[in-house]
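Report on the following structure.
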Amino acid sequence: MTTAAEPVRLGLRANWQQFWLLMLINAFVGGMVGLERAIVPLLAADDFGQTSRTVILSFIVSFGVVKALANLFAGRMSDRIGRKRILVAGWLVGLPVPFLVMFAPAWEWVVFANVLLGINQGLCWSTTVIMKIDLVGPVRRGLAMGLNEFAGYGALSLAALASGYLAATYALRPQPFYLGVVFAAAGLLLSLVFVRESRGHARHEAQLAGADVDRRQPSFGHIVLLTSWQDRALSACSQAGMVNNLNDGLAWGLFPLYFAAAGLEVQHVAILAAIYPGVWSVAQLGTGALSDRIGRKGMIVGGMWLQAVGILLVLLTRGFAPWLGSMVLLGLGTALVYPTLLAAISDVAHPDWRASAVGVYRLWRDGGYAVGALLAGVLADVLGMPWAFGVIAALTFASGVVVLGRMYETLPSKRVGAAPASSQAGRTPHAEVWKARV
């Protein structure tokens, strides 16, 4: 906790030690889920004899529903009791996950492990996002989110690749999940001992905004309505986040089965499962910072449309090399969208209730895993995998159209004209009324 001898300062340079520590912790968070990207769908079919695509994808449904609710809880409770406690709690819940998967006697155990994994991801990833936003202040949010998502999804990609290698060398389990034990133990230790509470930085940012900012704290229900529907930017971001993870649920659950059914070996399936989040991760180093310069809206629209193209190319091409190109396009599209959506939410929400708004956004976003897995599984069982790919590609393109028509630009330097009606009515303070820049 910051002491009187250590005055609160905002900015990446002023808080670099805590920022990089949180990046490392988020890498362990991403690694936990990365272990499952290529392995668990194959585990369902090979070890547990599951044939229904809907049943196989049930682990993603359980993960998505629980993670979405955990995001909401993490955001609200971070505003009420602080960020660090939620982070530590998330790691405590995540500790049993690799053991449950390693020794599961039935598929239902794996589904339950993913319930715990969803809680772990929701609590830990949400708090690392919120804490980085707290530390960096209002000027470099896009860069901060790009770095955060780079760490998380870079580790996810490497863990997917490593688990695929271990599975090809040894077996689908238990060896790939030994890594999960290391990730969970290291994440808990670092969070408990070295992480410092950052809620004071958010309060400091609010104080710097001064009398020009409406300091009234809205009710949680009002924040939910603002983020989900009433504010055009917040609601557009929420639906785009949901559709983004809807198609990620497809990629996680069906792509490995589709590639394996086409005759690819496990190591090649793992490479394809890893290259998508790998490109997504690395590209965010540039896209997050770029959104600080050119604005949020155009990057979100373009990213959603590029994702739709990537999914369609999986359907329209065949073979390892063309599918590798499709995964690259899908990763680039997601990189344009992911950190930019978080930065846009942070542009609009007041520091006093920003964590709650981020939690609501992440509720919708990660709810997309459950919707996408359920929709993809049912379509694949009833009509076949090509229909699942085509429908979700169309939904992704339509989401970009919604952003184009509904969202206003949230980056203050790129705003044109008067503030939106919601700002003028005093319902939510927008970033352009914040005079202080740190």
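None of the figures in this text is laboratory data; all of them are computed from the coordinates on show. These numbers come from a predicted model, not from an experiment. Neighbour counts run over all protein chains shown; Cβ positions are idealised from the backbone, glycine included.
Give the order of Met32, Met242, Met77, Met145 when sorted by the count of other beta carbons within 10 angstrom, beginning with the fewest.
In order of increasing Cβ crowding within 10 Å: Met77, Met242, Met32, Met145.
At a threshold of 8 angstrom on Cα-Cα distance, excluding pairs fewer than six apart, so keeping six or more, what relative contact order does the chain reach in percent?
27 percent
With label points built 7 Å along Cα→Cβ from the Cα atoms of Ala261 and Thr317, find their separation and express it in nm.
A separation of 2.0 nm, rounded to one decimal place.
To the nearest 500 deg cm²/dmol, what mean residue ellipticity at 222 nm is calculated for the chain from DSSP H runs of n ≥ 4 alone, each contributing -39,500 (n - 2.57), summed and divided by the residues?
Mean residue ellipticity, 222 nm, calculated: -25000 deg cm²/dmol.
Given the Cα-Cα distance of Tyr170 and Leu192 and 0.36 nm per residue of separation, how much length would full extension add, in nm?
Length difference between fully extended and current span is 4.5 nm.
Run the numbers on the stretch 87-181 and let me know its relative contact order in percent, using alpha-carbon pairs under 8 Å that are six or more apart.
33 percent
Just checking my list [x] 1.31; [y] 1.04; [z] 0.96 against Rg/Rh (Cα atoms, Kirkwood Rh) computed from this structure; which label fits?
Among [x] 1.31; [y] 1.04; [z] 0.96, the one calculated here is [z].
Measuring from label point to label point, each 7 Å out along Cα→Cβ, what is the Trp229 to Leu324 span in nm?
4.8 nm
Net charge near Ala273, counting Lys/Arg +1 and Asp/Glu -1 over other residues with Cβ under 12 Å of its Cβ?
-1
Using the per-residue mean of other Cβ atoms lying within 10 Å as a proxy for protection, in what order, highest first, do the peptides 18-26, 267-275 fall?
Top of the packing list down: 267-275, 18-26.
Add +1 for every Lys or Arg and -1 for every Asp or Glu among the other residues with Cβ under 12 Å from the Cβ of Ala202, and state the total.
Numbers: positive: Arg83, Lys132, Arg199, Arg203, Arg354; negative: Asp79, Asp134, Glu197, Glu205, Asp352.
Summing Lys/Arg as +1 and Asp/Glu as -1 gives 0.
How many angstrom lie between the Cα centre of the stretch 350-411 and the Cα centre of the stretch 266-318?
Spelled out, the Cα-based centre of one part sits 15 Å from the other.
Can you tell me the FRET efficiency between Arg406 and Leu92 if r is taken as the Cβ-Cβ distance and R0 is 45 Å, rounded to the nearest 0.05?
0.70
Could you state the number of Å between the C-alpha centres of the stretch 76-132 and the stretch 155-172?
That distance is 21 Å.
Give me the net charge of Leu24's neighbourhood, meaning all other residues with Cβ under 15 Å from the Cβ of Leu24; Lys, Arg count +1, Asp, Glu -1.
+1
Would you please put 297-308, 365-376, 116-127, 39-50 in order of how densely packed they are, using the mean number of other Cβ atoms within 10 angstrom per residue and starting with the highest?
116-127, 365-376, 297-308, 39-50
Want the number for Arg85 to Tyr178: 0.36 nm per residue separation, take away the alpha-carbon distance, what's left?
In short, 30.9 nm is gained.
What angle do you read, to the nearest 10 degrees and between 0 and 90, between the alpha-carbon axis of helix 107-136 and the longest principal axis of the chain?
30 degrees
For the stretch 221-314, what relative contact order do you get, as a whole percent, if you take Cα pairs closer than 8 Å and at least 6 residues apart?
Taking the mean separation of contacting Cα pairs over the length of the stretch 221-314, I get 17 percent.
Please state the equivalent ellipsoid semi-axes for the stretch 1-147: what are the square roots of 5 times the Cα gyration tensor eigenvalues, largest first, in whole Å? Spell out each step's value before the answer.
Numbers: eigenvalues 245, 40, 32 Å².
Each semi-axis is the square root of five times an eigenvalue, giving 35, 14, 13 Å.
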